[in-house]
Amino acid sequence: MKILTLFCGNFGIEYNLFDFTDKQLTNLITGIITDIGSRTADNRYECKGMSKHDIREVSNVIAALKWINDTLVKEGFITTPDDIDAVVHRVIHGLTKYREELVKVTPEVIDDVLEFADFAPEHNPYNAEGMKAALTVYPHAEQFAFFDTAPFVDLPAKAYMYGLPYQFYTQYHIRRYGFHGISHLCGIGEACKLIGKSMQRMKIISLYVGRGVSMAAFDKGKAIDTSMGFSPLEGLIMKMRSGNVDPQILLYLASREGLSLIEIGSILNKSSGLLGLIGTTDIGHAYEEATRGNEQARLGLDTFVYQIQKYFGAYYVALKGVDLLVFIARDEDVVPQLWIDIVKGLEFMGATIDETKAYATVREEPTILSTDKSKFAIVYVPRHEERCMAKRVAELLQR
Amino acid sequence: MKILVLNCGSSSIKYRLFDNDITIARGVVEKIGEEVSLFSHYSEGVEIKKQPIKVPDHTRGIELVLNTLVDKGVIHDYGEIDAIGHRVVHGGEEFKSSVLIDDRVMRTLYACIPFAPLHNPHNIKGIESCKQILPNVPQVAVFDTAFHQTMGPVAFLYAIPYHYYEKYGLRRYGFHGTSHYYVSNRAAELMGQPMSKLKMITAHLGNGCSVAAIKFGKVVDTSMGFTPLEGLVMGTRSGDIDPAIVTFLIRKERLSPDEVDSILNKRSGLLGISGISNDMRQLMDASNKGNERARLAIDIFAYRVKKYISAYAGVLGGVDAIVFTAGIGENAPLVRKKILEGLEFMGIQLDDELNKCMVGGREGIISKPDAKVKLFVIPTNEELVIARETRKIVEQLRG
């Protein structure tokens, strides 16, 4: 069985092809197409242990999907589009309508995703377009969507409501939605498997580090709170996003700098976070700089870590204790020193990390990082939401 | 030594005359500049309650106060006042402690206006008026922000481009400092231990609300930020929200920055969620009668305080005492209970009986006798702190 996963956004399209045979899931190719709508769209992919790169004129999402299909054919994974059994889309925003993370794509789903565009302008319109295009390019494949917000729809009201006039909730649906839901769910699922315990019996806090950074608290497998809010801007300090700020700062900057609030929104989303504080989005690089005596880098990292510790404390109490802390990251975001620094602030809660094990972590291998003495388990799992989505779909289709 | 303590707002002057630590007169001039102003005064054998009177400006208001003090025999003449202590809301990074007001200080106070445009100008008006009326009496400024100036950059920096900190001083300042200072010191006194050995969390829950983490006498973090808008859900202020909500509202409702400012500061918080009132007593009544939104407002309020307390417990690496103060903190046992519910595993044990009777300005302990974490209700007394600070500075001045 061949399963293609797609994640469409204003950044481009991420794609992965999986083969599922004899209950074994194998990643055949992973790639990203950027600069869609230009003459020099870019296709970077890895397969058979090689990194490859291609440039082509790509006018729209359908053309981009056709290019992906051409690539799959060229590399010999398929011969026709009909060889693809299922296409799986990662969709960012399902409001409160989509409570199940996995749904079959229907015209109604596409309409809804488009209708929710205001809530995730950088993703939902592209998600919708991706689903439409996939129906054209892969008319015979099963089509599924995974909703990033789904695991957080049923947060308790006290966790999802803001201290705002109530009509903003009823009229504009302003509430905490939370994001990275699939990444958190997959991450904690894998971590539970690693330590051999059931998710249904555990209190879990997970930290996801990618382009965005978020934390979530799960009680018996159900999310009870998460750091991202109405949009992915809220919460922890991220690569380029500010996370929490005094909301008055937006108004202050508007009047002092003569900026429109849209421009300020863009500052908070694109030139803040670690980039704004340190001047880099690369956490490993920031650590190297800090070690070399770069004070700004040290300060930025300390602030980043401090915010994570504060959320941990808050969730520890919301859960009334914790059994498992999961670090979810991939590639350059696997920075053992970051985990060590975070756990240092949690020592009075009984956490201890094995620094040697942390430093020996292999990027693609789930690893137990806590010592035997630690009151709760600390685990690293690689970020693999595509694999996790593909697996869920494969198992569903086999039934 | 007789010290007059003044708190000048946009249309009001609150005053209290101290003879050392004893209050010998107090009162308030309200609705200054309106058609009819109101004057209240209390001193030995005298009670003036909301007397209608015409007070066009702050100078006339202060004259009214001084004349009343003489007329009612509290003092013989103006010369008896040794010093005046002013509450000033924002001292920026310049003022890390209380200060004798001279021309240089005045210039700096003016420079701090953009930080607190709603408060500082009126604080300054009060100082200018006193200089006119009592040119030879020393005046001292006591800042709401000063006690929080011990915070480190990790706690006070936002993850926005660093140059905004350098250019505009955009950082966390924190407020209610005088109140946090008073109640934390008082709690240490009640515990019979020096501040230098205690880890404390103080919760000032009035119409404005803030929490502070105090380690060995120094504030290490606090919930209000650049302005008093950030942090907890308050009477009419939103506290923390996703900053993207500000830009979303502007797009959706076509609001101006001023309108958003007014929504977040005046129509949000308990009032906004409940749609009934910013007054916790009314909300509790309504909630008891089955009003769902009133109940929700209380739940959200308490959950937010709980999250901050737990985050700070983590930051402090454990906590010896938690102190509640101000309107809600002093008078709402039910809210205190909700906040502390579920924290037993941290060593917190609320004594329900003590909690219930600690209202109406009573001071005392509300934790069970053998609980690890001491819980206190301590009525705040910012004026006393201002009087003491002023006295200290004047004594130094006199050598």
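The values are calculated or read from the model by the stated rules, or taken from the named source; none is laboratory data. From a predicted model like this one, the values you see are computed outputs, not experimental measurements. No Cβ is skipped: glycine too gets one built from the backbone with ideal geometry, and neighbour counts run over all protein chains shown. Note: accessible area is taken over every heavy atom of the protein model, side chains too, but ligands, DNA and RNA are not part of it. Shrake-Rupley method; radii C 1.70, N 1.55, O 1.52, S 1.80 Å.
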Out of all the residues in the stretch B:294-319, which are among the aromatic types (Phe, Trp, Tyr) and farther than 20 Å from B:GLY347 by Cβ? B:PHE301, B:TYR303
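For the stretch A:310-399, list the helices (runs of 4 or more DSSP H) that sit wholly inside it and hold at least 1 residues that are closer than 19 Å to A:ILE237 by Cα; which are they? Write out each step before concluding.
Details: elements: A:336-344, A:355-359, A:385-398.
Here the list reads A:336-344.
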Can you find a residue in the stretch A:234-243 that is open to solvent by 20 Å² or more (accessible area, probe 1.4 Å), within 10 Å of chain B (Cβ to nearest Cβ) and out of contact with any helix residue (DSSP H, G or I) (no Cβ under 7 Å at 6 or more places or on another chain)? no
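Would you mind stating whether B:MET346 is closer than 19 Å to B:ILE309 by Cβ, at pLDDT 95 or above and not hydroxyl-bearing (Ser, Thr, Tyr)?
No: the conditions fail for B:MET346.
Working carefully through the options A:TYR315, A:TYR306, find the one that is under 26 Å from A:PRO366 (Cβ atoms) and at the interface with chain B (Cβ under 9 Å from one of its Cβ atoms).
Values: A:TYR306 fails: under 26 Å from A:PRO366 (Cβ atoms).
Criteria check complete, one pass: A:TYR315.
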Being open to solvent by 10 Å² or more (accessible area, probe 1.4 Å) and farther than 16 Å from A:GLU385 by Cβ is the filter here, so list the residues in the stretch A:203-215 that pass it. A:LYS203
Regarding B:MET191, is this residue within 21 Å of the chain's Cα centre (by Cα) and either away from chain A (no Cβ under 14 Å) or surrounded by 24 or more Cβ atoms within 10 Å (Cβ to Cβ) (or both)? no
If I go through the stretch A:336-357 residue by residue, how many of them are touching a residue at least 12 places away in the same chain (Cβ under 8 Å), open to solvent by 10 Å² or more (accessible area, probe 1.4 Å) and either farther than 22 Å from B:GLY347 by Cβ or within 13 Å of chain B (Cβ to nearest Cβ) (or both)? 10
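For the condition open to solvent by 60 Å² or more (accessible area, probe 1.4 Å), under 27 Å from A:TYR311 (Cα atoms) and within 14 Å of chain A (Cβ to nearest Cβ), what is the one hit in B:ARG295, B:ARG304? Even if it seems obvious, please write down each step before you answer.
Numbers: B:ARG304 fails: open to solvent by 60 Å² or more (accessible area, probe 1.4 Å).
One residue alone meets the criteria, B:ARG295.
Sort through A:PHE7, A:PHE11 and tell me the only one that's open to solvent by 40 Å² or more (accessible area, probe 1.4 Å), outside the structural domain of A:GLY229 (by TED's automatic domain parsing), among the aromatic types (Phe, Trp, Tyr) and on the phi < 0 side of the Ramachandran plot.
Values: A:PHE7 fails: open to solvent by 40 Å² or more (accessible area, probe 1.4 Å).
Answer to the check: A:PHE11.
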Does any residue in the stretch B:31-50 that is in the same structural domain as B:VAL65 (by TED's automatic domain parsing) come within less than 8 Å, Cβ to Cβ, of a residue that is among the acidic types (Asp, Glu) and outside any strand (DSSP E or B) six or more places away or on a different chain, and which pairs are these? B:ILE32/B:ASP57; B:GLY33/B:ASP57
For A:HIS173, the lone unmet condition from (1) touching a helix residue (DSSP H, G or I) at 6+ places or on another chain (Cβ under 7 Å); (2) open to solvent by 20 Å² or more (accessible area, probe 1.4 Å); (3) in contact (Cβ under 8 Å) with a residue 40 or more places away in the chain is (1)
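Do any helices (runs of 4 or more DSSP H) lying entirely in the stretch B:75-183 carry at least 2 residues that are touching a residue at least 24 places away in the same chain (Cβ under 8 Å) and surrounded by fewer than 23 Cβ atoms within 10 Å (Cβ to Cβ), and which ones are they?
Details: elements: B:103-111, B:120-133, B:153-156, B:163-168.
Because the criterion is at least 2 residues that are touching a residue at least 24 places away in the same chain (Cβ under 8 Å) and surrounded by fewer than 23 Cβ atoms within 10 Å (Cβ to Cβ), the helices (runs of 4 or more DSSP H) in the stretch B:75-183 that meet it are B:120-133.
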Which of the residues that make up the stretch B:348-377 are open to solvent by 10 Å² or more (accessible area, probe 1.4 Å) and over 26 Å from the mean Cα position of the chain (by Cα)? B:GLN349, B:ASP351, B:ASP352, B:GLU353, B:LYS368, B:PRO369, B:ASP370, B:LYS372
Expected output for the stretch B:303-320 (first residue in the same structural domain as B:LEU198 (by TED's automatic domain parsing), partner charged (D, E, K, R) and part of a helix (DSSP H, G or I), Cβ below 6 Å, 6+ apart or cross-chain) is B:TYR303/A:LYS158; B:ALA311/A:LYS310
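Does the stretch B:203-225 include one or more residues that are within 7 Å of chain A (Cβ to nearest Cβ) and modelled with pLDDT of 95 or more?
Here is the first cut: in the stretch B:203-225, the residues within 7 Å of chain A (Cβ to nearest Cβ) are B:225.
Narrowing further to those that are modelled with pLDDT of 95 or more: B:225.
Scanning the stretch B:203-225 turns up at least one residue that is within 7 Å of chain A (Cβ to nearest Cβ) and modelled with pLDDT of 95 or more.
State whether one or more residues within the stretch B:378-390 are within 14 Å of another protein chain (Cβ to nearest Cβ) and open to solvent by 10 Å² or more (accessible area, probe 1.4 Å). Explain how you work it out, then say what you get.
Going residue by residue through the stretch B:378-390, those that are within 14 Å of another protein chain (Cβ to nearest Cβ) are none.
No, the stretch B:378-390 contains no residue that is within 14 Å of another protein chain (Cβ to nearest Cβ) and open to solvent by 10 Å² or more (accessible area, probe 1.4 Å).
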Taking helices (runs of 4 or more DSSP H) that fall entirely within the stretch A:206-300, which contain at least 2 residues that are modelled with pLDDT under 95? A:248-257, A:261-270
Can you name the residue in the stretch A:270-303 that is of a type in the set (S, T, N, Q), within 8 Å of chain B (Cβ to nearest Cβ) and within 21 Å of the chain's Cα centre (by Cα) and is also surrounded by the most Cβ atoms within 10 Å (Cβ to Cβ) among such residues? A:SER272
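Quick check: is even one residue across the stretch B:68-82 basic (Lys, Arg) and closer than 23 Å to B:PRO121 by Cβ?
Just the residues of the stretch B:68-82 that are basic (Lys, Arg), to begin with: B:72.
Narrowing further to those that are closer than 23 Å to B:PRO121 by Cβ: none.
The answer is no, given that none of the residues of the stretch B:68-82 is basic (Lys, Arg) and closer than 23 Å to B:PRO121 by Cβ.
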